[in-house]
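Chemist: Before anything else, here's the structure in question.
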Amino acid sequence: MNILVLYQSRKGHTRQAAEAIATAARSQNHNVVVKSVIEVRKVDVEAADVLFVGTWVHGLILFGVRPAEAELWVPALPALAGKPTGIFCTYAFNPRGSLTIMADLLTARGAKVTAQRAFHRSRPGHGADVFVREVLQSVGLAV
Ligand SMILES: Cc1cc2nc3c(=O)[nH]c(=O)nc-3n(C[C@H](O)[C@H](O)[C@H](O)COP(=O)(O)O)c2cc1C
């Protein structure tokens, strides 16, 4: 199956988590493309059977901890067209409700969020294999 892993990363931890997800999915014999949320195109989403979308989190005094810059990159994504989607974040202290906010934002863009995972930035790939299996099992694609 074709899997597209999208990430929003400033310092590289979320990109590392995305790469770990890609490695885990490839080890389960899936075709994987990894792209930043900036470079993704409509054709990339159309070609994918399953999506993973990840971001770093940003705490704001008045607004709590949120998916970073989501107000910029989520509206710019291509329509997600009912695609099964695993969402993830990397964090330093506590992601709090970031993944719930992200699930709501991506659901509004058409994603069907099936699983979520927060990775501490000290170990951005830790547990990626379990996360990938969870997402793929939710759509009957796990080998
Ligand atoms: C301005 C700023 C605010 C942050 N706020 C939080 C926060 O509120 N909670 C938290 O757990 N991590 C917070 N972090 C940590 C980042 O989410 C974490 O380092 C993340 O892994 C960075 O991902 P990246 O390397 O892909 O950019 C913050 C980082 C920055 C730069």
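Chemist: Contour minus end-to-end for residue 122 and residue 31, with contour as 0.36 nm per residue of separation and end-to-end as the Cα-Cα distance?
Modeler: Difference between extended and current length: 30.0 nm.
Chemist: Pick from 122, 98, 36 the residue whose mean-square fluctuation is largest in a GNM of the chain, springs joining Cα atoms under 10 Å.
Modeler: Residue with maximal mean-square fluctuation among 122, 98, 36: 122.
Chemist: Taking the highest mean first, how do the peptides 79-90, 60-71, 124-135 order by number of other beta carbon atoms within 10 angstrom per residue?
Modeler: Ranking, from highest mean packing down: 79-90, 124-135, 60-71.
Chemist: Here is a follow-up. Give me the angle, in degrees from 0 to 90, between the Cα long axis of helix 98-108 and the longest principal axis of the Cα atoms of the chain, rounded to the nearest 10.
Modeler: Between helix and principal axis, roughly 60 degrees.
Chemist: What lysines does residue 112 reach when the alpha-carbon gap must be under 18 Å and sequence neighbours fewer than 8 apart in one chain are set aside?
Modeler: Of all the lysines, those that pass the test against residue 112 - Cα under 18 Å, at least 8 places apart if same chain - are 42, 83.
Chemist: Which three numbers, in whole Å and largest first, are the semi-axes of the equivalent ellipsoid of the chain derived from its Cα gyration tensor as √(5λ)?
Modeler: Three semi-axes, in Å: 22, 17, 13.
Chemist: Here's a follow-up. Label point 7 Å out from residue 107 along Cα-to-Cβ: which residues of segment 116-137 have amide N under 16 Å?
Modeler: 116-117
Chemist: Please give the calculated 222 nm ellipticity per residue for the chain, where each DSSP H segment of at least 4 residues contributes -39500 (n - 2.57) and the sum is spread over every residue; nearest 500 deg cm²/dmol?
Modeler: Using -39500 (n - 2.57) per qualifying helix, the result is -10500 deg cm²/dmol.
Each reported figure results from applying straightforward, stated rules to the coordinates on display, with no laboratory input. Nothing here was measured: the structure is a model prediction, and the numbers come from that model. When we count neighbours, we look across all protein chains shown, and the Cβ atoms used for this are built from the backbone with ideal geometry, even at glycine.
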